[in-house]
Amino acid sequence: MARTKGYPEALDKKLQDQYFYPNDESKPDFLKSVKEISMTIPHMCYQCGTCTASCPSAPRSTYRIRKFVRRAVLGLDDEALTDPDLWLCTTCYSCTDRCPRDIAPTDVIMAMRNLAFKRDIVPVNFLKTVQAIYSSGHGVPNNDVNRAARVKLGLPADPPTTHTYKEYIPGIQKILDHYKLKANADRIVKEREG
Amino acid sequence: MDTGGHEYAFYLGCIAPNRYPGAESSAVKTSKKLGINLVDLKGASCCPAPGAFGSIDLNVWYAMAARNLVLAEQMNMDIALICNGCYKSIWEVNHKLKHNAKLRDGVNTVLKEIDMQYKGTINVYHLAELYYDPEIAGIPAIEDSVKTPLDAKIAVHYGCHLMKPRKDREFKFESQSKTEQPMWIDELVQALGAEPVQYRNKMQCCGAGGGVRGYDIVHSLDITNEKLINMREAGADAITEVCPFCQLQFDRGQIEIQEKFGVSYNIPVLHYCELLGLAQGMSPQELALDLHGISCEPFLQKVL
């Protein structure tokens, strides 16, 4: 077998680097972060497209899960995180179920969404869910029409969740505050809606 | 009657108790008839919604799901639940924390602030799994409990988070890991005397998840619409599912589709627990079917 004689150090360096970074916009740390948060292996993707072919959102939008996985591998953070289609994944997990490389593309999307949130890139409906959970413990809280229906069924007006046992809510708020979720959600909602 | 000793902490979630209480009530009553005792789990919160909440910060998702699990651990009881989304949060986080020490330690650091610790001592089940398992209930037991056979065509919507991805699920029976063309919930429907109809792309998502219903409702409804077209093509008299969020998307969604797309299907949507309740002799009033968006009347007239 022919061996490189001219520049062994450069060859060593090349052999250490496992990933392909095509240009200056590529940030290796982006792939690292995505892998850490998603706990999956996007670098194994050989772009077969089975994921996009399985996706319910793809035929009715410009959302392409295959492209997002590619962006992760190529370290193209800005392109990925500012793409409004990032939020069109319904997390149906069809792509993950079928990926021939055992990658979880859905989890790549979730990781990217987490990273986008850190840049204050997030649709406001997600923030409203955080606020609802902070104040009541429920993402979809009870209402009076439902309370009346519950009583008619012989159920207590409120379920035995944090709605009835409100003493559990401070504990939930502590968890959310530990990650500064409420503060950030409130701040972003205020900036958007005034 | 002999309850057979199968007792579970009933994890309610949000949409069942707060929008479709008939699903909650029927779950308790139908389970009791099948020897399953569902006990109040006090102080539970949102699971939290895996798509809407996990998209923001997965660390908080793990911690909040773990808090709910600890409540059951404190009761020394396994959890039973009736929602695919809750299944993902509660079952999957339980599974992840049991096998990932780093994740578990991270979660327990946060839970320590509220005097809770996750220990990994209980298991989580979707009620449909318990119904299907002959050691707990089983198809013959369900058949025996039927007073009113539901003689109609029913399209089964499996939803997504219960079975997918199959490599991250650990069901008891092989039929429950077939994510391409499953039949096990069709079998549960057949046990009620109904005819489960096969329709195109039965495993397609309803479109609600991942926060998409809130982010771009028209996009989510377009996905639902495709399913409704296929279900109507198969002649479905009703749709059944095991996820209150899918139920909301198909039920309220049909009204929204009428408004926004100008097309009507009028196919009633019932949670399997509501269907089972009906078959076991519960009245439409006991099931709060009048709370549904799409009227169940045509279906009720057919089967009752």
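Figures for the structure shown
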{"read-out": "Residue within the range B:26-35 that is buried (at least 24 other Cβ atoms within 10 Å of the Cβ) and touching an Asp or Glu at 6+ places or on another chain (Cβ under 7 Å) present", "value": "yes"}
{"read-out": "Condition check for residue A:19: open to solvent by 50 Å² or more (accessible area, probe 1.4 Å) and either modelled with pLDDT of 95 or more or within 13 Å of chain B (Cβ to nearest Cβ) (or both)", "value": "no"}
{"read-out": "Wholly within the range B:234-304, helices (runs of 4 or more DSSP H) carrying at least 2 residues that are under 23 Å from residue B:147 (Cβ atoms) and at pLDDT 95 or above", "value": "B:272-279, B:297-303"}
{"read-out": "Hits in the range A:32-51 (condition: surrounded by fewer than 19 Cβ atoms within 10 Å (Cβ to Cβ) and either more than 21 Å from residue A:114 (Cα to Cα) or hydrophobic (A, V, I, L, M, F, W, C) (or both))", "value": "A:39, A:41, A:44, A:46, A:47, A:48, A:49, A:50"}
{"read-out": "Pick from the range B:141-158, criterion open to solvent by 10 Å² or more (accessible area, probe 1.4 Å) and outside any loop (DSSP other than H, G, I, E, B), ranking: farthest from residue B:246 (Cα to Cα)", "value": "B:144"}
{"read-out": "Selection count where residues are over 11 Å from residue A:126 (Cβ atoms) and hydroxyl-bearing (Ser, Thr, Tyr), scope the range B:41-67", "value": "2"}
{"read-out": "Qualifying position, being modelled with pLDDT of 95 or more, of a type outside the set (D, E, K, R) and open to solvent by less than 10 Å² (accessible area, probe 1.4 Å), among B:66, B:101", "value": "B:66"}
{"read-out": "Total residues in the range A:158-194, condition of a type in the set (Gly, Ala, Ser) and surrounded by fewer than 15 Cβ atoms within 10 Å (Cβ to Cβ)", "value": "2"}
{"read-out": "Residue tally, condition basic (Lys, Arg) and more than 8 Å from every other protein chain (Cβ to nearest Cβ), over the range A:145-175", "value": "2"}
{"read-out": "Residue that is farthest from the other protein chains (Cβ to nearest Cβ) [pool: residues in the range A:89-105 that are in a helix (DSSP H, G or I) and closer than 9 Å to residue B:164 by Cβ]", "value": "A:94"}
{"read-out": "Hits in the range A:125-144 (condition: in contact with a helix residue (DSSP H, G or I) (Cβ under 8 Å, 6 or more places away or on another chain), surrounded by fewer than 20 Cβ atoms within 10 Å (Cβ to Cβ) and at the interface with another protein chain (Cβ under 9 Å from one of its Cβ atoms))", "value": "A:125, A:128, A:141, A:143"}
{"read-out": "Members of the range A:67-88 that are open to solvent by 10 Å² or more (accessible area, probe 1.4 Å) and part of a loop (DSSP other than H, G, I, E, B)", "value": "A:76, A:82, A:83"}
{"read-out": "Given (1) in contact with a Phe, Trp or Tyr (Cβ under 7 Å, 6 or more places away or on another chain); (2) within 14 Å of chain A (Cβ to nearest Cβ); (3) not β-branched (Val, Ile, Thr); (4) not in a loop (DSSP other than H, G, I, E, B), index of the condition residue B:164 fails", "value": "(4)"}
{"read-out": "Residue ID - nearest to residue B:113 (Cα to Cα), chosen from residues in the range A:163-183 that are touching a residue at least 24 places away in the same chain (Cβ under 8 Å) and within 20 Å of the chain's Cα centre (by Cα)", "value": "A:176"}
{"read-out": "Qualifying positions in the range B:201-216 - more than 18 Å from residue A:97 (Cβ to Cβ) and either in contact (Cβ under 8 Å) with a residue 40 or more places away in the chain or more than 13 Å from every other protein chain (Cβ to nearest Cβ) (or both)", "value": "B:208, B:211, B:212, B:214"}
{"read-out": "Which listed residue, of B:162, B:192, is touching a strand residue (DSSP E or B) at 6+ places or on another chain (Cβ under 7 Å), open to solvent by less than 10 Å² (accessible area, probe 1.4 Å) and not β-branched (Val, Ile, Thr)", "value": "B:162"}
{"read-out": "1 or more residues in contact with a Phe, Trp or Tyr (Cβ under 8 Å, 6 or more places away or on another chain), more than 11 Å from chain A (Cβ to nearest Cβ) and of a type in the set (D, E, K, R): qualifying helices (runs of 4 or more DSSP H) within the range B:11-112", "value": "B:58-75, B:101-112"}
{"read-out": "Subset of the range B:232-251 that is more than 20 Å from residue B:273 (Cβ to Cβ) and touching a residue at least 40 places away in the same chain (Cβ under 8 Å) - its residue that is surrounded by the most Cβ atoms within 10 Å (Cβ to Cβ)", "value": "B:234"}
{"read-out": "Yes/no for residue B:114 being of a type in the set (A, V, I, L, M, F, W, C) and farther than 26 Å from residue A:176 by Cβ", "value": "no"}
{"read-out": "Qualifying residue in the range B:114-132 (condition: modelled with pLDDT of 95 or more, at the interface with another protein chain (Cβ under 9 Å from one of its Cβ atoms) and within 28 Å of residue A:156 (Cα to Cα))", "value": "yes"}
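The values are calculated or read from the model by the stated rules, or taken from the named source; none is laboratory data. What you see is a predicted model; the values in this text were computed from it and never measured. Glycine also receives a Cβ, built like all others from the backbone with ideal geometry; neighbour counts cover every protein chain displayed. All accessible areas refer to the heavy atoms of the entire protein, side chains included, with ligands and DNA or RNA removed. Shrake-Rupley method; radii C 1.70, N 1.55, O 1.52, S 1.80 Å.
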